[in-house]
Structures are given as structure tokens and as C-alpha cells.
Amino acid sequence: MQILLNVIFYAFLAWLFYDATMVEHDPWFAFVVGFVITVAIVCQLMPSLHASKVSPGEFPYDTIGD
């Protein structure tokens with residue numbers, strides 16, 4: 001489900017970018033949409049931004065009860 005939502009999200013952003021550059025020629029909005037696309041791609045590709053070895057209900061830094 002998340003993959004489908006990502007495809008829809010990126011398709012919508014690509015359509016907004018195309019609309020802002022080719023149809024209405026709005027450079028500021030095109031820059032903002034391009035920046036959002038760039039940040040989204042960087043966050044997807046950088047593994048250090050993802051949580052590792054965490055399962056639902058597990059708190060890795062919880063030391064109470066040890």
C-alpha cells in the first residue's frame with residue numbers, strides 16, 4: 001500500500017512541476033515543488049534517516065526494568 005501511495009505522491013508532484021514550468025510558467029512554485037521532490041528523494045535514499053532494528057511495541061532505548 002505504501003508503494004502505491006508513493007507512486008501517486010510522486011506522480012502528483014511531477015504533474016505540479018510540469019504545470020508550473022510548461023503550462024503556467026510560475027518559477028517560484030516550480031522551485032518549491034522541485035525542492036519538495038528533492039527532499040523526498042533524499043529522505044528515501046539515505047538509509048541513516050530510517051529506523052533500524054525497531055519492531056512495533058519495542059523501545060530500543062528503554063532501560064526501565066533492566
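Please give the length that would be gained between S48 and V23 if that part of the chain were fully extended, namely 0.36 nm times their separation in residues minus their C-alpha to C-alpha distance (nm, one decimal). Display every interim value, and only then the final one.
Working: separation 25, 0.36 × 25 = 9.00 nm, distance 3.77 nm.
5.2 nm is the gain from fully extending S48 to V23.
How much length is gained on full extension from M1 to V39, taking 0.36 nm per residue of separation minus their Cα-Cα distance? Can you show the working numbers first?
On the way: separation 38, 0.36 × 38 = 13.68 nm, distance 2.15 nm.
Answer, rounded to one decimal: 11.5 nm.
Bear in mind these aren't lab numbers, they're just calculated from the coordinates by the rules spelled out. The structure presented is a predicted model; accordingly, all values stated were derived computationally and were not measured.
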